[in-house]
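Notes follow the structure.
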Amino acid sequence: MGKKTALAVTLATGAAAYVATRYLLKSEHREKALDKFNDLTDNGREAALRYYHYAKEYFENENEFRDDLESLKQKVSEKAKDLKSNENVNKAFDSLKEATSDLKQQFEKEKVEYDDLAPETDIVIDGRSAFGQAKRAAESEEKQTEVFYPKEGQ
C-alpha cells in the first residue's frame, strides 16, 4: 500500500510540474508571470525599507527607553547587593545548606544494598497467567444447560 501511494504521489507531482511548465512556457503566460514576480519583489523591497526606517527611527528617538532600562538594571543590582549583605538571608541559606547536608548524611546511614533485599528463595514463573488459569478452569467444569420457557399466560 505504501508503494502504491508513493507512486501515485510521484505521478501527480510529475503531472503538475508538466502542466505548470507547459503553462509558463507559453509566451503570453510567461510575460504575465514575470511581471507579477517583479511586482512582488518590488513591493517586498519597499516594505522592507519602510519597516527598516520605522525601526531605525524608533531606536534613535527612544533614549528614555534606554534610560528606563539602565535605571531598572541599577535597582536590580542594588536589591541583589542588599539581599547578599542581609544577615537574615545569609542565615536562611546557611540553615538550608546545613539541613541538606544532614538529610544526605541520614540517607547515607540508612542506605541498604540491593543484595540485602533479595529474597532467599528463587522465584519460579511457570508461564500461566491468571487469565489462562481461569479459562482452563472454566472449560474443565461441566456446564449445565438451563432452559427458560415463557410462562403460558404471557
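Computed values, structure above
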item	result
Where trypsin sites (Lys or Arg not before Pro) fall in DSSP loop in the range 1-107, at most 15 other Cβ within 10 Å	Lys26
Accessible area (Å², 1.4 Å probe, nearest 10) - Asp35	90
For Glu31, solvent-accessible area (1.4 Å; no DNA, RNA or ligand), Å²	100
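The values are calculated or read from the model by the stated rules, or taken from the named source; none is laboratory data. Given the structure is predicted, the values throughout are model-derived calculations rather than measurements. Don't worry about glycine lacking a Cβ; one is built from the backbone with ideal geometry, like all the others, and counts go over all protein chains shown. These accessible areas exclude ligands, DNA and RNA; they are computed on the full protein's heavy atoms, side chains included. Shrake-Rupley method; radii C 1.70, N 1.55, O 1.52, S 1.80 Å.
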